[in-house]
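Inspection log for the structure reproduced underneath, given as structure tokens.
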Amino acid sequence: MEQFQPAKGAMMEYEVNVNGQTFRVKFTERDGQLFVTSPRGTFPVKAETPLRSKVQRVQLNGGAATFGYHRDKERTVLILDGTHYEVQVREEEHVRFTQLARRPGAQGKLDVKAPMPGQVVSVLVKPGDSVKKNQTLLFLHAMKLENDIRSPRDGVVLEVPIKQGDALEKGALMVRLGPTPEGR
Amino acid sequence: MFKKILIANRAEIAHRVIRACRKLGVTSVAVYSDADAHLPYISAADESCYLGPSPASESYLNMARLIDLARRHGADGIHPGYGFLAENAAFARLCESSGIKFIGPPSAAIERLGDKRAAKEVATRANVPVVPWFPCAPGDGDAAAAKAAQIGYPVIVKPAAGGGGKGMHRAANETELRAALPRAGREAKASFGDDALLVEKFLVNPRHIEVQILADEHGSVLHLFERECSLQRRQQKLLEETPSVALAPAQRERICGDAVRIAQTAGYVNAGTCEFLLDTKSGTHYFCEVNTRLQVEHPVTEMVTGIDLVEQQLRVASGEVLSLKQSDIRQNGAAIEVRINSEDPFADFMPSLGYIEAFQVPEGQGVRVDAGYAAGDSVTPYYDSLLAKLIVHGKDRAEVVQRQVAALKQFMVVGVATTIPTHLAIMHDAGFLKGDFHIHYVESRTKEWLKLDREEDAAVLGALMEYRRLLKTREAQSRAGEMHFDPWSSSSLPRVR
């Protein structure tokens, strides 16, 4: 079983859809104990089975809950007392958290996407440029701030499909990076 | 006692027979089709052999192949289980002529009792009430109307040669009867090749009570009390229990006595079940039919009587005199069996096929599970949908219900839908708990039983799993050194699906 230790004070909030109903579920950590908050209230929670197990056991507010769990590309299903519940879990965007990693794209490509809707203030790189990790690629005006968007790693700029003044949706591709010619 | 028997069946009942063989030191031979090649019963047997392609007609119904395999393996007996060839007189005859003992009644008894009209005649000769009836041809409108007036409406028209609920038509009055006859005749001809009909009095909301019979080859006929199987959906039993709460002791004695007399009159041998319909209004029970085989629900009888029915079948078939006496047989406590089928109660009980990712069966005091599948097996479309039987025993019905609830909550199946939610609903159903139900009760309650009330739990637990995955990914990537401080990025995880 993985020893997951949520970072001190770390929080994560989700929006979960189950059979057309939406629930907000939040996780917080206090004194090494994980708490979950849902419409019902806030309760201590502790997982007792490995993440990969199809039958899960969880201590929730002092009582044990056992359920079946199946997750694949198409759907996530929880089985409670034999009844199947299909759930869709989505992270809430406005929550900040530290220590995130980004998965590299296929073939060592890495897409830098707009984290929220905003307007391109200025673009500092063009295709062919070599960049270093944390180097500022562009400035995006969003949420009343000028945000410097930095490179997640060393690399080469492959594409910059944006220009000054563009209004971007969340998730829009801003810069596509490739590996440096010597490899990653 | 047999040296070696071949079990001409599959899944849970094959495993059940294999267990009895082990107990008695009999070598067991299992057979399997393509679809069943990895089911647990195969490795439980001493020997096993490939039977044929998945369709039943090419495997479990292939009489010649089964006899051939039995011969090659040197089996001196064949146990047919239930379903498939268990009530096939031709197969029983084929075994007899091949010098292999068919573990069941003689083929003549199967034939006699398999025909509905002949079976009713046996019951009448045994002085057992039969639902008032008369035979009739589709064109006999006038004669039928006259006789129906005598027995009283409503009546039901049935094919004389068929079963399985096909070609049955209810008639509330003469007009409906005259309309039903030609229709039923056409359907009977199409399904069974014979348009002979019979018309029976239609009992309103009867209860299904059956009696377990055991007879040896030396004239001894015993009963092992009754089972109530009124909870059915489309003529298929969902749940069976013993004792029946609908029977007072005197009535129990009468029904069981009637079953014994019918078995004696028919010259029955080995295990069988006599089915009755109980008309609660009048308190009269009527003979319905005899099942000349071991039934799916035999475990509830085993739990309360302490008798191993399959063992007794093997003993009787090997010519032993039954060592049991009627006075030794008692009902101790109560038992309920629920059938865990791979059907989706939320999709009108549509069969649920697929790969079983997890299959954890309950344990506990008085809990018995007869399972045909395990984790890693696949449910295929070729056979029935029975995954396992969950049988619970207790000192009284209330204790059994309590234990069933706990057991059902422990029973974890991931990969296919099951009838577990339906059984949990039944265990909380007021009518069921009071013992107030009949053979049409389930149909009237299934909508009520479709309860979805744990959405918030599902949300909380689903979110927890995603959060755990997030933390695990972070941890893995931090270990891999691919750390990157970026307060504005959304994580590499959940997209909306």
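The values are calculated or read from the model by the stated rules, or taken from the named source; none is laboratory data. Model, not experiment: these values are computed from the prediction. Neighbour counts are summed over all protein chains in view; Cβ atoms, including those assigned to glycine, are modelled from backbone coordinates with ideal geometry. Note: areas computed on protein heavy atoms with side chains; ligands, DNA, RNA excluded. Shrake-Rupley method; radii C 1.70, N 1.55, O 1.52, S 1.80 Å.
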Cross-link partners of residue B:3 among lysines (Cα-Cα below 22 Å; sequence separation of 8 or more within a chain): B:23, B:101
Sites residue B:142 and residue A:24, calculated FRET efficiency, Cβ-Cβ separation with R0 56 Å, nearest 0.05: 0.15
Charge tally in the Cβ shell below 12 Å around residue B:48, where Lys, Arg are +1 and Asp, Glu are -1, residue B:48 excluded: -2
Label point distance in nm, residue B:357-residue B:320, each placed 7 Å from Cα along Cα→Cβ: 4.6 nm
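What relative contact order, as a whole-number percentage, does chain B give when Cα pairs under 8 Å and 6 or more residues apart are counted? The partial results should precede the final answer.
Numbers: 972 pairs, mean separation 65.9, N = 497.
It comes to 13 percent, rounded to a whole number.
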Separation between Cα centres of segment B:182-231 and segment A:105-146, rounded to whole Å: 78 Å
Solvent-accessible surface ranking, highest first, for B:216, A:148 at 1.4 angstrom: A:148, B:216
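Given contacts defined as C-alpha pairs under 8 Å and at least six residues apart, what's the relative contact order of segment B:56-134, whole-number percent? Please list the in-between numbers first.
Numbers: 57 pairs, mean separation 17.4, N = 79.
After rounding, I find 22 percent.
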Spatial separation of Cα centroids for segment B:37-105 and segment B:235-299, in angstrom: 28 Å
Pairwise centroid distance, computed over Cα atoms, of segment B:355-382 with segment A:8-59, Å: 30 Å
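Report the local net charge at residue B:331: Lys and Arg +1, Asp and Glu -1, summed over other residues whose C-beta lies under 10 Å from its C-beta.
On the way: positive: B:252, B:330; negative: B:226.
Counting the neighbours of residue B:331, the net charge comes to +1.
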For residue B:363, net neighbour charge (Lys/Arg +1, Asp/Glu -1) across residues whose Cβ lies under 13 Å away: +3
Residue A:180 - accessible surface, heavy atoms, 1.4 Å probe, Å² rounded to 10: 30 Å²
Under 19 Å from the Cα of residue A:46 - lysines, other chains or at least 8 residues apart: A:8, A:26, A:54, B:472
Cα long-axis angle, helix B:455-479 against chain B (0 to 90 degrees, to the nearest 10): 40 degrees
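Sorting B:285, B:38 by accessible area (1.4 Å probe), largest first, what list results? Walk me through the intermediate numbers first.
Details: B:285 10, B:38 160 Å².
Largest to smallest exposure gives the sequence B:38, B:285.
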Degrees separating the helix B:249-265 axis from the principal Cα axis of chain B, which is the longest one: 70 degrees
At 0.890 mPa s and 25 °C, Stokes diffusion of the protein assembly as shown via Kirkwood alpha-carbon radius, µm² per second: 83 µm²/s
Binned Cα-Cα distances of chain B, short to long, each 10 Å bin given as a whole percent: 4, 17, 26, 26, 15, 6, 3, 2, 1, 0
Relative contact order of segment B:38-90, defined on C-alpha pairs under 8 angstrom at six or more residues apart (%): 22 percent
Equivalent ellipsoid dimensions for segment B:273-384 as semi-axes, Å, which come from the Cα gyration tensor, largest first: 31, 22, 16
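Projected area of segment B:234-326, taken from the Cα convex hull and averaged over every viewing direction, in nm²?
Details: hull surface 28.0 nm².
Mean shadow area of the hull around the Cα atoms is 7.0 nm².
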Rounded tilt (10° steps) of B:174-192 against the dominant C-alpha axis of chain B: 70 degrees
Segments B:247-255, A:110-118, B:85-93 sorted - mean Cβ within 10 Å per residue, highest first: B:85-93, A:110-118, B:247-255
Ellipticity estimate at 222 nm from DSSP helix runs (n ≥ 4, -39,500 (n - 2.57)) divided over the protein assembly as shown, nearest 500: -8000 deg cm²/dmol
